1. Kindly indicate whether P107 is within 20 Å of P176 (Cβ to Cβ), out of contact with any Ser or Thr (no Cβ under 8 Å at 6 or more places or on another chain) and not in a helix (DSSP H, G or I).
2. With the condition being modelled with pLDDT under 55 and surrounded by 10 or more Cβ atoms within 10 Å (Cβ to Cβ), I'd like the helices (runs of 4 or more DSSP H) fully within the stretch 1-96 carrying at least 3 qualifying residues.
3. Here are V170, V140: which of them is within 30 Å of the chain's Cα centre (by Cα), touching a residue at least 12 places away in the same chain (Cβ under 8 Å) and not in a loop (DSSP other than H, G, I, E, B)?
4. Taking the conditions exactly as written (out of contact with any strand residue (DSSP E or B) (no Cβ under 7 Å at 6 or more places or on another chain) and outside any helix (DSSP H, G or I)), does D119 satisfy them or not?
5. Test of understanding: among E175, E183, E188, which residue is modelled with pLDDT of 90 or more and either at positive phi or surrounded by fewer than 16 Cβ atoms within 10 Å (Cβ to Cβ) (or both)?
6. D148 versus (1) open to solvent by less than 20 Å² (accessible area, probe 1.4 Å); (2) within 17 Å of Q72 (Cβ to Cβ): which is the lone unmet condition?
7. Within the stretch 127-138, how many residues are of a type outside the set (S, T, N, Q), surrounded by 14 or more Cβ atoms within 10 Å (Cβ to Cβ) and under 20 Å from S152 (Cα atoms)?
Amino acid sequence: MEDLQKEESQNAVYNAAGGVLPQENDVIEIDLKELFFMLLGNWKAIFLTLLVGMAVAGAVHTFFVTPSYEAQAIIYITNTDSMISLSDLQLSDALTEDYGIIIESRPVLNQVIEELGLDMTYKDLEKLVTVNNPDSTHMVEITVTSDDIEMSRNIVNSLLNISIEQIYQVIGSGEPTVVEYSEAEAVEDVTPSLFRYMAIGGLLGIVLACMVLVVHMLLNTKFESEEDIEKYLGVPMLAAVPYFKSHND
C-alpha cells in the first residue's frame, strides 16, 4: 500500500514538472562559458574591489608595517693552521651545526644584551637572530633583523665577537676566522615594498569579488529567461505573459 502511494506521488510530481522527474541527488553543473560572461558582465564591481583592496593594503603598509633592517656577519669554520688535512675539513663540517647552536645559546645572547645595554630578554633577542650555513661551505652567516639600522649592526657585530670567544671555550679548537663584519652601508632594508602590498591587496580584492559573484550565481534559483526554463527544467517554453507596469502602480 505504501509503495503504491509513493508511486502515485512520484507520478504526480512527474506530471506537474512537465514530464521531468526530479532526482534525489542532483549534481550542480557549472557552465564555464556562462560563468565567464557573468564575471565579464560584472567587471565594474570586480574593478572596484581591486581598487579598494589596493587602497586598504596601501593604508596597512603605511600605518602598520614596521621597517625592517638586516645586518649580516660571516665566520669561517676550519683550522687556522697553514696545513689543512682532509680530517680537518670533515671536522669543520661536523662542527658547523654545533657552532650555530652556540651562537644562539642563552649565555651568548645574555652577554650581547649586557654589552649593548639592550632593553630586552634573551628570548626577544633570539627572535631577531638567524644563523645559516650555506650548502657545501664552511661558512656560518649570522643575520640580525630589527627596526633600527644601528641596532641591527651593533647586535650582529657584538654577537660575532662574543660567540667566537664562547666557541673557543666550549670546543677548544682554533678560533673561527672572521670573514666579514657588518658595516653601516651593508645593512639592507628588507621591509616589504608598498607596491608588493598593493599588488597583493588588489589580487585578494579580485578573488573575493569573484567568489561572491560565483556563490551568488550558484544560489540564485530564479529563472531569468526562457533559456533558463528549458535548461534547468528540460521542458519547452509554451507561452509567456509580459509584465506591464502602469503609471498608477
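The values are calculated or read from the model by the stated rules, or taken from the named source; none is laboratory data. Predicted model only: the values in this text are computed from it and were never measured. Glycine also receives a Cβ, built like all others from the backbone with ideal geometry; neighbour counts cover every protein chain displayed. Side chains included, ligands, DNA and RNA excluded: accessible areas come from the protein's heavy atoms. Shrake-Rupley method; radii C 1.70, N 1.55, O 1.52, S 1.80 Å.
1. No; evaluated as a whole, the condition is false for this residue.
2. Ranges flagged: 2-16.
3. V140
4. Answer is yes for this residue.
5. When all the criteria are applied, what remains is E188.
6. Failed condition: (1).
7. We begin by selecting, within the stretch 127-138, every residue of a type outside the set (S, T, N, Q); these are 127-129, 131, 134-135, 138.
So of that shortlist, the ones also surrounded by 14 or more Cβ atoms within 10 Å (Cβ to Cβ) come out as 128-129, 131, 138.
After this cut, where a residue has to be under 20 Å from S152 (Cα atoms) as well, the list is 128-129, 131.
The total comes to 3.
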